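Since every read-out is calculated from the coordinates, none of them should be taken as a lab result. Here the structure is a predicted model, which is why all the values come from computation and not from measurement. Reconstructed Cβ throughout: ideal geometry from the backbone, glycine too, with neighbour counts over all protein chains shown.
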Amino acid sequence: MSESETSFGRYGGQYVPEALMPALEELEDAYQRYVLENEDGFLDEFEERMREFGGRPTPLQRADRLSERYGREVYLKREDLVHGGAHKLNNALGQVLLAKYMGKERIIAETGAGQHGTATAMAAAHLEMPCEIYMGRTDVNRQRPNVYRMRMNGAAVNPVDAGSATLKEAINATLRDWATTVETTHYVIGSVVGPHPFPKMVRDFQAVISEEAREQIQAQAGRLPDSVVACAGGGSNTMGAFHAFVPDESVALYAVEAGGSSLDIDEEAGLAPNSATLSTGTDGVLHGAMTKLLQSGDGQIMESHSVSAGLDYAGVGPELSHLVATDRVTPVSVDDETALNAFHRLSRLEGIIPALESSHALGYLEDAAEDLGEVVVVNVSGRGDKDLETVLEETEKRDLEAAPDVEVFER
Amino acid sequence: MTDSDIERAIREHHPALITYITAGDPSLEETKAYVEALDRGGSDLIELGLPFSEPIAEGPTIQAAINRSLAAGTTPRRFFEMVDDLETDAPLLVMTYYNMVLQYGSSGESRDGPDVRPFVERAAEAGLSGIIVPDLPAEESGPLKAACEEFGLDLVFIVAPTTAGERLETIMSQASGFVYVQARLGTTGARADVSGATHESLERLAAYDASADGVPKAVGFGVSEADHAAEIVTAGADGVIVGSALIDLIADADDPAAALEAKARELKGGAEAGLADAPTKQ
Ligand SMILES: Cc1ncc(COP(=O)(O)O)c(C=O)c1O
């Protein structure tokens, strides 16, 4: 296979154990036939299920108070209204359905905060597929409601105790399961990461976000936007929101990463108090792909941090690394505090409680609205109900200008 | 092509015992003593694991060894310094993940991305004879293969139970040193028996026989006992690879060096007994 097919410029590729390579070839073949060529009406069934089960299309809503506040037209792509409360279902349903078409008998997936795990568990229940989710022990303990949701949808949840017991260890454990069960099992990876063909396939399932938004903005504003803003963890909502706009050179694309508490790293301790991989990372190989990484000079992967669990990852999708290297996408970052303020601001001004991940994209409006042109599309990748506990805790620690007064509670 | 150190060691000591331990578990100083013990016990090749924080091909035993090694402060620089001081009859290989190879001596800022040459050059200088990278399939191995050829090292490829047809052809045509036949699907770790997949894999590989121009075949993943070694050699392997069972000794034995030496002797004995039972092929 030629390099250009499995990679984006120098990023991407297939850096996995040999045992998995035949499965990737099989997946590539299925992706080609069902997803790209609509064999057996795969895409028709997928679109119908996304409409009836998933609630697509989602609205592109003009945010009146934000437009006024920032002195430009601000539109919100409402992925928080997808079934389950996030864009994650676009990919999870696509892959579980594909696994069915491929004749696989079992689904496995990793999850960090539990958003991809819950989306996969929902899709697996909907399509009657046995499903097991790997989740770091730390995340199991801090995301109990999502663990219950997965269990209620019939998925097994396997806690992972290795290392810091968060997302990266959960991916390692899922890859190990897959290396054992590959003949009967499909691995539903949760973002535009991992070996080829995952980054392309997940992007294609998420591209519906920008395909809809591109038509909607032209119908509603009569023109293309000047900029599209989306948060970036692994980058699936990001690539989903950007993909259809990539050829539109007049549209600036901003990938907003988690700046955490600081952009500096502690090499000695192997800690990065942020997840700003595109902004500060260096090239390397993790989880099957060459991409930008938060790593030590020796190549050990750092422990990342963000107040938003869904952005807390030391890698990023290879296509985003490529689009940044070729100056098509601008990487920026927003720190924990700015994201928390944006969370409260959208809730208060627009009556929409956004996910903490999406709050990073919204925070960038506050930081740099003047750079974004006259018409801006912001991807609200998910809703924030899942984050209430974290937000209460983190808000109490700080003096946030946009936070509500909660003195109704007795102290 | 002339035989490399590794191929020569396997042919001269056929059937070969190949041992793996994680360098730096529990310290690089102790690793030196353990390598010498394995050498004395009759290990014909020794693989040294250079720890990476995300070892996706490893089961719990080697994961734990890697964690102990990283906690003890093992770095590539200290690893190579330890290898500089080693004197063994058995040729040595380094087993590590691709990101470790990429980052060594790399500034991280170069325009074309990181380069594998500095790692391979340093490995050659330290006297290592080969490299095994479990997350580097043949498709992505071009740059490392070229660097290994430049510096005279073997790049060892893995053949899995799922590898067949064209993939098998490609891997066999690129292989040097030996072909690492993965005995079963899954991760590393000691098992109680020899998998049926081992026999199937060896049958598929029989076409590429060591007596012809092909490289030797060694079987690993789950091998822990002398009678496994015997069974594998009887089934046609040129060598057996044992790792997790040795890590267990390092973690648990009162005198790990003595235990490793005795275990190597026992495993080598098993492999030789297996050869006596093998249908003659050479
Ligand atoms: C609502 C929401 N947005 C964004 C993300 C980040 O993932 P990605 O960067 O792949 O879109 C997550 C991940 O859990 C999420 O739940």
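What the table below lists for this structure:
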{"item": "Isotropic mean projected area of the C-alpha convex hull, the protein assembly as shown (nm²)", "result": "30.4"}
{"item": "Estimated translational D of the stretch A:77-162 in µm²/s (Stokes, Kirkwood radius over Cα pairs; 25 °C; 0.890 mPa s)", "result": "192"}
{"item": "Alpha carbon centroid spacing (whole Å) that separates the stretch A:58-83 from the stretch A:173-211", "result": "30"}
{"item": "Computed over chain A, the ratio Rg/Rh where both radii use C-alpha atoms and Rh is Kirkwood", "result": "0.94"}
{"item": "DSSP-loop GluC sites (Glu not before Pro) across the stretch B:141-230, with at most 16 other Cβ within 10 angstrom", "result": "none"}
{"item": "Straight-distance crosslink candidates among aspartates and glutamates, where the alpha carbon sits under 12 Å from A:Lys386 and sequence neighbours closer than 8 are dropped", "result": "A:Asp80, A:Glu357"}
{"item": "Charge sum, other residues only, whose C-beta stays under 11 Å from B:Phe80's C-beta, Lys/Arg counted +1 and Asp/Glu -1", "result": "-2"}
{"item": "Over the stretch A:124-173 - Rg/Rh using Cα atoms and the Kirkwood inverse-distance radius", "result": "1.00"}
{"item": "Cβ neighbours within 10 Å from other chains - mean over B:171-184", "result": "1"}
{"item": "Shielding score for A:22-30, defined as the mean number of other chain Cβ atoms within 10 Å", "result": "2"}
{"item": "Selected from B:Ile131, B:Ile171, B:Ile18 as most flexible by GNM, with chain B as the system and alpha-carbon contacts under 10 Å", "result": "B:Ile171"}
{"item": "The stretch A:164-322: C-alpha pair distances exceeding 23 Å, %", "result": "41"}
{"item": "Listed pairs B:Lys145/B:Lys217; A:Lys200/A:Lys292; A:Lys88/A:Lys168; B:Lys217/B:Lys268; A:Lys77/A:Lys104 exceeding 22 Å between Cα atoms", "result": "A:Lys77/A:Lys104"}
{"item": "Those aspartates and glutamates that a straight Cα-Cα span of less than 16 Å connects to A:Lys397, excepting residues fewer than 8 apart in one chain", "result": "A:Asp335, A:Asp336, A:Glu337, A:Asp387, A:Glu389, A:Asp405, A:Glu407"}
{"item": "Mean residue ellipticity (222 nm) of chain B, computed from DSSP H runs ≥ 4 via -39,500 (n - 2.57), nearest 500", "result": "-13500 deg cm²/dmol"}
{"item": "Percent of Cα-Cα distances greater than 19 Å, calculated over the stretch A:53-106", "result": "49"}
{"item": "Candidates A:Ile171, A:Ile352, A:Ile209: whichever shows maximal mean-square fluctuation once chain A is modelled as a Gaussian network with Cα springs under 10 Å", "result": "A:Ile352"}
{"item": "Ascending count of other beta-carbon atoms within 10 Å, so fewest first, for A:Tyr34, A:Tyr101", "result": "A:Tyr101, A:Tyr34"}
{"item": "Ranking of A:Cys231, A:Cys131, B:Cys148 by count of other Cβ atoms within 10 Å, fewest first", "result": "B:Cys148, A:Cys131, A:Cys231"}
{"item": "Sum of side-chain charges, A:Val316 neighbourhood, beta-carbon under 10 Å (Lys, Arg +1; Asp, Glu -1)", "result": "-1"}
{"item": "Spread of Cα-to-Cα distances over 5 Å intervals beginning at zero, given as percent, for chain B", "result": "1, 6, 13, 18, 20, 19, 12, 7, 2, 1, 0, 0"}
{"item": "Chain A, helix-only ellipticity at 222 nm - DSSP H runs n ≥ 4, -39,500 (n - 2.57), divided by all residues, nearest 500", "result": "-12000 deg cm²/dmol"}
{"item": "Cβ-defined net charge surrounding B:Glu12, 10 Å radius [Lys, Arg +1; Asp, Glu -1]", "result": "-1"}
